[in-house]
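Each remark here refers to the structure printed beneath this line.
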Amino acid sequence: MMLIDSHCHLDLPPLAGELDAVLARAAAQGVSGYLVPAVDRGHWPALECLSQRDASVAVAIGLHPCFAHQPDDVEHMAARLSVPHPYVAIGECGLDAIGSPLPLPQQEHLCRAQLRLAQQHELPVILHVRKAHNELLRLLNEIPLSAGGVVHGFSGSTALAQQYIKRGLKLGIGGTITYPRAAKTRAAVAALPLTSLLLETDSPDMPICGHQGETNEPARLPHILSQLARLRGCDPKELIEPLAYNVAELFPRWQCQPQITAANPSISD
């Protein structure tokens, strides 16, 4: 299988402390690739080592809005991107009106700087957003992204999803859709173009229904795939190749992915 976890934090505890076992469990479930976004500057060196250690792991460089950062962090990011580097995307960056220690204007300044780096280096972005969609959409209007990106952990409506899609972004679909109460998001993923969707776990966070309070990990990605297929009324096997194609299309610098050279093999949307 070509199941790819497009957003997981393998560098964070407790996953980092048992990484070999985590990857082995995921591989046994058919997961063959992992994209690990950064949360702060302190994690960048470890991510670079992780990408060198395991060819199945891709990494992104970013400053998460829910972490405190130093004034010169963006300068350090720019310096890392100005030389040969392993990063396939900018992220995780964005806006969070719920859990950030930073006031929203400061978050917007930080996000804007990272969007400009993505624009300058023609890299896709991995976006985190909670209760700040209008502000993020305004930033995306201000700074169009030729390389696109993904709104990770999407949990909104069809109408909101379409606002991001028309700006060239894809949507990261994770454990939210396994909860019956997430009616508007389940309806959205059933109706949206398959070409706009990526699978993710957001491990060690965002546990799937029935595993609340437990550490999440990439081995549970097939459960999200199964739920997506159920919502779209198809066999999970029909989704695997189109979803892998979406990852390959969005992250062309990720050389270890399955090489899909034919036209997008999506089933009809």
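The label-point distance for Lys184 and Asp235, in a model that sets each label 7 Å from Cα toward Cβ, rounds to 3.5 nm.
So what is the accessible area of the chain per residue, in Å², with the probe set to 1.4 Å?
Heavy-atom accessible area per residue stands at 41 Å².
Charging the Cβ of each Asp and Glu at -1 and of each Lys and Arg at +1, and nothing else, the dipole of the chain about its Cα centre rounds to 780 debye. Here the Debye sum runs over all C-alpha atoms of segment 118-180 as equal scatterers in vacuum, and log10 of I(q)/I(0) at q = 0.19, 0.21, 0.23 Å⁻¹ comes out as -0.69, -0.83, -0.98. Cross-link partners of Lys170 among aspartates and glutamates, defined as those whose alpha carbon lies under 20 angstrom from its own and excluding same-chain residues fewer than eight positions apart: Asp5, Glu92, Asp96, Glu122, Glu135, Glu142, Glu200, Asp202, Glu238, Glu241, Glu249, Asp269. State the answer as a single residue: which of Ile165, Ala118, Gln106 lies farthest towards the positive end of the charge dipole of segment 82-189, with beta carbon charges of +1 for Lys and Arg and -1 for Asp and Glu, about the Cα centre. The one lying farthest along the dipole's positive direction is Ile165. Our estimate of slack between Asp20 and Ala191, defined as 0.36 nm per intervening residue step minus the Cα-Cα distance, is 57.8 nm.
Of Gly62, His76, Leu23, which is farthest on the positive side of the dipole of segment 8-77, counting Cα position, with +1 on Lys and Arg Cβ, -1 on Asp and Glu Cβ, and the Cα centre as origin? Farthest towards the positive end: Leu23. Here's how it looks for Gly33: its modeled amide H is under 5 Å from those of Asp5, which are all 5 or more places away or on a different chain. Over all directions, the projected convex hull of the C-alpha atoms in segment 47-109 averages 4.9 nm² in area. What you get for segment 50-112, charging only the Cβ of Lys and Arg (+1) and of Asp and Glu (-1), is a dipole of about 140 debye around the Cα centre. Say we join alpha carbon atoms closer than 10 Å with springs in a Gaussian network model of the chain; which of Ser82, Ser155, Ser56 then has the biggest fluctuation? Comparing Ser82, Ser155, Ser56 in a Gaussian network model of the chain, the most mobile one is Ser82. Straight-line reach from Lys166: taking Cα to Cα under 27 Å and skipping same-chain neighbours fewer than 8 places apart, the lysines in range are Lys131, Lys184.
Of the whole protein surface, Ser51 contributes about 30 Å² of accessible area at a 1.4 Å probe radius. Computed from the C-beta positions of Asp40 and Gln106, the FRET efficiency with R₀ = 22 Å rounds to 0.90.
The coefficient of translational diffusion for the chain, derived via Stokes-Einstein from the alpha carbon Kirkwood radius under 10 °C and 1.306 mPa s, stands at 86 µm²/s.
Comparing Thr178, Thr201, Thr215 in a Gaussian network model of the chain where C-alpha atoms under 10 Å apart are linked, the largest mean-square fluctuation is found at Thr215.
Run the accessible area of the chain with a 1.4 Å probe and give the carbon-and-sulfur part as a rounded percent.
52
Rounded to the nearest 10 square angstrom, Cys93 shows an accessible area of 0 square angstrom against a 1.4 Å probe.
The values are calculated or read from the model by the stated rules, or taken from the named source; none is laboratory data. Keep in mind the model is a prediction, meaning the values are calculated, not measured. All Cβ positions, even for glycine, are placed from backbone atoms using ideal geometry, and neighbour counts span all protein chains on display. Quick note on the areas: whole protein, heavy atoms, side chains included, nothing else; ligands and nucleic acids left out. Shrake-Rupley method; radii C 1.70, N 1.55, O 1.52, S 1.80 Å.
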